[in-house]
Amino acid sequence: MKSLKNHLSVILPLFVLLFSLQFTFLTDKIVEDYSKKLTQDYSIVVVAPKTLSSAVMKSRVKGIKSIEEISSKKILDRLKGNISSKNISLLKIALPKFYSMKLKSFPSVKEIERIKKKLLSTGLVTKVETFSKTHNRVYRMFQVLKNTAFVFSVFILIISVLLMFKQMKIWLLEHRERMSVMALFGAPFWMKSAVLYRLVIVDSFISTILVAGTFIFFPSIEKVKDFAQSMSISIPKFDILIDTSILLGVSLLFSLFIVSIVIRKMNKE
Amino acid sequence: MEHVINAENLTLAYGMDEPIITEANMKINPNEFVFITGKSGSGKSTILKSIYGEITPKKGILDVCGVNIKNISSSKLNLLRRYLGIVFQDYRLINDWTVEKNVMLPLMIGGFSKGVCVKQAQKLLKHVKLLHKADKYPLELSGGEQQRVAMARALAHNPIMILADEPTGNLDEYSSEVIWDLLKNAKEHLGTTVVVVTHHIPSTLGIDYKHFFLESGVVYEVS
């Protein structure tokens, strides 16, 4: 019972640490995926007195994916009933060219300003409409979401590490007698500490399996699926090989680092 | 190796405190049986601790098995300790290990295979008449039995020297006799040097021994 409690005292902070890490990865992936979708829908409208060459614009302004002319036919057709055909022809000549410009990635507020300035500085464009109000709102929402997940993870990480330090000290006190007896007979450092290293390695594996299991099982729940669908987001699949390896690596790195620090500190005392 | 222990003008102290042992001179030869006696707090155990490197000499020379203990590195100290067998008044057994595993400890540290460790442990447990309790845990044994296990552990790796700190301090007369017999046998049959810190030298020991007496931080050799 005591042993189980001891293990849980390390497994729990490790689980929380790995969970928050994987949650951050997941949030990043979802935001990235969502911003890709938004990029497809987002475009800048550009007004030019003359026909714009796609190649020229792409070479002058970085980040442009495609330029498409917006046909003025629809507007002119609507005016046909009110204006004479002669005036329509004149209007057709005088009317500037309208272009819809798509970007390679969802831009930040700064990037959008840069693109706007760059477009105007070419001298080929007279007006740029970036729909910045809507864009900025969406972009800021993404930033808030990403930053919140990051701050949350850092906070959880600090708490988890502190809890693990505390538990390692308790373990070490429990094993101190055994370690001092071993030292009297000339046991090397690794042998004296082997039992603690073995414990954290086992707990690292257990925590990783639990977190991997959670992230495999979680997206398959119907309610979660419905929620994701209602938000138009797709939850990325948990890659058993890559994601588990990353989690295990992080888990081992943290736990072995902490146990080594505690043992070395105690040895010096 | 002329002397197993060679101490010249040895001064010992804990940290910055006043010295406990001052300018001590001791020479212990291989296969000698040595008693270190003195009043409580006279520094008997401190001398023993300095021999197995628990405390570092403040001044003077202390050579153990030809190795200078002063400024010894931790890896060298580990190596040196593998040639020593240590017995304490409070046994210092690992309570969550079986009796057999406790006896195997010095052999495991020495890198012997599990088969060799088990065989040697069983041989020694038979020698101390505790083979039938090999699977028990130390706290299931009496004090005398625990000290016999500690003796078996100290002898397991055929050490050059056994250091015993009041090994019979907590034992009844019968158990004390068993321990003295084991220490005597180690000297006579294994050629081990035995250094015992004690309040009282048993009158029925029946072997030649060297005797150092401690008083007010000074070590006297009693002839």
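Quick notes on this structure:
- With respect to the conditions (1) assigned to a helix (DSSP H, G or I); (2) within 14 Å of another protein chain (Cβ to nearest Cβ); (3) surrounded by 22 or more Cβ atoms within 10 Å (Cβ to Cβ), residue B:124 lacks only one, and its number is (2).
- Selection status of residue A:214, modelled with pLDDT of 95 or more and within 16 Å of residue A:24 (Cα to Cα): no
- Screening residue B:170 against (1) touching an Asp or Glu at 6+ places or on another chain (Cβ under 8 Å); (2) part of a helix (DSSP H, G or I) leaves a single unmet condition, (2).
- Within segment B:52-64, tally of residues that are away from chain A (no Cβ under 12 Å) and under 22 Å from residue B:154 (Cβ atoms): 4
- Search result, residues across segment A:1-60 that are touching a residue at least 12 places away in the same chain (Cβ under 8 Å), not charged (D, E, K, R) and not in a helix (DSSP H, G or I): A:42, A:43, A:44, A:45, A:46, A:47, A:48, A:49, A:51, A:52
- Test for residue B:80: is it away from every other protein chain (no Cβ under 14 Å) and in contact (Cβ under 8 Å) with a residue 24 or more places away in the chain: no
- Restricted to segment B:181-211, and to residues there that are hydrophobic (A, V, I, L, M, F, W, C) and surrounded by fewer than 21 Cβ atoms within 10 Å (Cβ to Cβ), the residue that is nearest to residue B:24 (Cα to Cα) is B:201.
- Residue in segment B:94-112 that is touching a Pro at 6+ places or on another chain (Cβ under 9 Å), in contact (Cβ under 8 Å) with a residue 60 or more places away in the chain and farther than 30 Å from residue B:25 by Cβ present: no
- Answer from A:118, A:102, A:92 - the residue that is over 37 Å from the mean Cα position of the chain (by Cα) and either assigned to a helix (DSSP H, G or I) or not polar (S, T, N, Q) (or both): A:92
- Residue B:91 being within 12 Å of another protein chain (Cβ to nearest Cβ), more than 24 Å from residue A:189 (Cβ to Cβ), in contact (Cβ under 8 Å) with a residue 40 or more places away in the chain and surrounded by 19 or more Cβ atoms within 10 Å (Cβ to Cβ): yes
- When restricted to residues that are touching a residue at least 40 places away in the same chain (Cβ under 8 Å), of a type in the set (Ser, Thr, Tyr) and surrounded by fewer than 20 Cβ atoms within 10 Å (Cβ to Cβ), segment A:161-205 contains 1.
- Candidate set: segment A:220-269, residues that are of a type in the set (Asp, Glu) and over 26 Å from residue A:208 (Cβ atoms); chosen: the one surrounded by the fewest Cβ atoms within 10 Å (Cβ to Cβ): A:269
- Once segment A:133-192 is narrowed to residues that are more than 14 Å from chain B (Cβ to nearest Cβ) and basic (Lys, Arg), the residue that is farthest from residue B:101 (Cα to Cα) is A:133.
- Considering residues of segment B:120-173 that are charged (D, E, K, R) and within 15 Å of the chain's Cα centre (by Cα) only, the residue nearest to residue A:185 (Cα to Cα): B:153
- Just one residue in the set B:44, B:70 is away from chain A (no Cβ under 14 Å) and over 13 Å from the mean Cα position of the chain (by Cα); that residue is B:70.
- Residue that is nearest to the chain's Cα centre (by Cα), among those in segment B:94-110 that are facing chain A (nearest Cβ under 10 Å) and closer than 20 Å to residue B:158 by Cβ: B:106
The values are calculated or read from the model by the stated rules, or taken from the named source; none is laboratory data. Everything numeric here is computed off the predicted structure, so don't read it as measured data. Counting neighbours? That spans all protein chains shown, and the Cβs are built from the backbone with ideal geometry, glycine included.
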